[in-house]
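The values are calculated or read from the model by the stated rules, or taken from the named source; none is laboratory data. Predicted model, so just to flag it, every value in this text is computed and none were measured. Don't worry about glycine lacking a Cβ; one is built from the backbone with ideal geometry, like all the others, and counts go over all protein chains shown. For accessibility, only protein heavy atoms count, side chains too; no ligands or nucleic acids. Shrake-Rupley method; radii C 1.70, N 1.55, O 1.52, S 1.80 Å.
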Amino acid sequence: MKKFFEFDKLGTNFRTEIIAGITTFLSMAYILFVNPATLAAEGTGMDVGAVFTATAVAAAVGTLTMGLLAKYPIALAPGMGLNAFFSYTVVLDYGVPWETALSGVLVSGLIFIVLTISGLREKIINAIPASLKMAVGAGIGLFIAFVGFQNAGIIVANPATIAGLGDLTNGNTLLAIFGVIVTVVLITLNIKGGVFYGMIITAIAGVVVGLIDPPGMIFDAPPSLAPTFGQAFMHLDDVFTVQMIGVILTFLFVDFFDTAGTLVAVATKAGLMKDNKLPKAGKALFSDSAATVVGATLGTSTTTAYVESATGVSAGGRSGFTAVVTAIMFLLALFFSPLLDVITSAVTAPALIIVGVMMVSSLKEIEWDQFEIAVPAFLTLIIMPLAYSIATGIAIGFVFYPITMVAKGKVKEINPIMWFLFVVFILYLIFLS
């Protein structure tokens, strides 16, 4: 095994890799509870237990594939942002049944596999201006944080101003605020797994003060996948509509840059980049694509690489064995499903808010002094929370980009792929209205 994972070449050992794998797991374990809470939000109709199992298994399969095929210390799980888009935009806003939405995820995963094998995935990624990529990430961060503030009751509907401050004396709202403070302190102190530990502390506090009923047990058999398993295949005929094509494009687009950015960032931190290129990039991207297909089949939204993998790298992880250990941890987590009862919206809200904070850090990379870039970037990130739609934010930003570039006399700098997306998103916006 040492030879397979090239321990000597990478300067690592079993003890270091095991610690790194556990560290990565703790840093992203929050997704086990946040993803079911998001996908099975009131009104979607999804089964929270089935989503929990699908989340853990999809994460385990995707991470194991990454570890064994690409041999990178990178973990995968259902992506934040894409799960919110799945529930709040596609299912609750557009009125698309969750089964059809899963079919859309499945199709996007299959397209990803084709694009990855053909090499087109990298070309399309390179066609999108860096500033727009950063704006999409930051906009999703704002959207996720907004959902977190809503779930906490900190921000509520207001007939006079559309949105306003909620009742800060409400018990659950106070619990969520406590959770935000605790999580902020933990992360500020560089506690690895701060988001996860913040959720645990908040849940315990909720039980202590009587806002949350204690779980009847800690361990139990994993919830059945029956309610969601295979539904994506049974509703493939329903994805061939203009609306679902727009949805699939959004799944594709967001995962494109989520995965590419994460792979480069983590590989750079681990010293795995060669001549500014990522060796075995094809295998890493294939692992991501295959994980999305597996996840959709089981019953969860798009599975993608997690930047939290950098915590494991910081702990010394350098090989695929780190990912293998993380995958094993996700499988063991399957037996902790009773804890879903204590992970209420007040407990998950702080995680959403803090993850949002982390995602908007990409704003510093945008060329704000160039107005032709600033306008589409700003519209992309601000429209997402205001329109309550990640897809709409992307569409408006990508429509304005060619307009401002033409006005600035930079027609030659517009990649043909951007013109194609310009037309696609105009049709998408017309359909929405």
_Square roots of five times the Cα gyration tensor eigenvalues for the stretch 15-124, Å_ = 26, 21, 10
*Based on the Cα coordinates of the chain, what is the per residue volume of their convex hull in Å³?*
148
*Accessible area per residue in Å² at 1.4 Å probe, computed on the chain*: 41
*About its Cα centre, how strong a charge dipole does the chain have in debye, to the nearest 20, once Lys and Arg get +1 and Asp and Glu get -1 at the Cβ?*
1460
*With each label point set 7 Å from Cα along the Cα-Cβ vector, what nm distance links L386 and K2?*
6.0
*To the nearest Å, what is the center-to-center distance of the stretch 2-44 and the stretch 50-86, using C-alpha atoms only?*
9
*Of all the accessible heavy-atom surface of the stretch 112-252, with the other protein chains kept in place and a 1.4 Å probe, what percent is carbon and sulfur?*
70
*asked:* Just want to confirm a number: the relative contact order over the chain, from Cα pairs under 8 angstrom separated by 6+ residues, in percent.
replied: 34
*Label-to-label distance, nm, for residues given as L427 and K364 (7 Å Cα→Cβ offset)*: 4.1
*FRET efficiency for V208 and I181, Cβ-Cβ distance as r, R0 = 22 Å, nearest 0.05?*
0.85
*Leaving ligands, DNA and RNA out of it, report the carbon-plus-sulfur percent of the accessible area of the stretch 352-420 at a 1.4 Å probe.*
70
*Quick one: of K133/K192; K280/K410; K2/K274, which pairs are farther than 30 Å apart, Cα to Cα?*
K280/K410
*Identify, among F4, A226, I201, the residue whose Cα sits farthest towards the positive end of the charge dipole of the chain, taking +1 on the Cβ of Lys and Arg and -1 on the Cβ of Asp and Glu, with the dipole about the Cα centre.*
F4
_For the stretch 279-433, size of Cβ-based charge dipole, Lys and Arg +1, Asp and Glu -1, in debye_ = 340
*Two-site label geometry, I162 and T188: point separation in nm, points 7 Å out along Cα→Cβ*: 3.2
*Fluctuation leader among E413, E372, E17 - the chain, Gaussian network, Cα springs under 10 angstrom*: E413
*From the backbone phi of the stretch 93-104, what are the Karplus-calculated ³J(HN,Hα) couplings (6.51 cos²θ - 1.76 cosθ + 1.60, θ = phi - 60°) in whole Hz, Gly and Pro given as x?*
8, 6, x, 7, x, 4, 5, 5, 4, 5, 4, x
_Euclidean distance of C-alpha centroids, the stretch 316-349 and the stretch 164-210, integer Å_ = 19
*Which ³J(HN,Hα) values in Hz, rounded to whole numbers, follow from the phi angles of the stretch 363-375 under the Karplus curve 6.51 cos²θ - 1.76 cosθ + 1.60, where θ = phi - 60° and Gly and Pro get x?*
4, 5, 8, 7, 7, 5, 7, 9, 4, 5, 8, 4, 5
*Work out the length of the dipole vector of the stretch 1-125 about its Cα centre, built from +1 on the beta-carbon of each Lys and Arg and -1 on the beta-carbon of each Asp and Glu, and round it to the nearest 20 debye.*
620
*How much mean residue ellipticity at 222 nm does the chain get from its helices, if each DSSP H run of length 4 or more adds -39500 (n - 2.57) and you divide by all residues, to the nearest 500 deg cm²/dmol?*
-20000 deg cm²/dmol
*Sulfur and carbon atoms: percent of accessible area, the stretch 1-81 [1.4 Å]*: 60
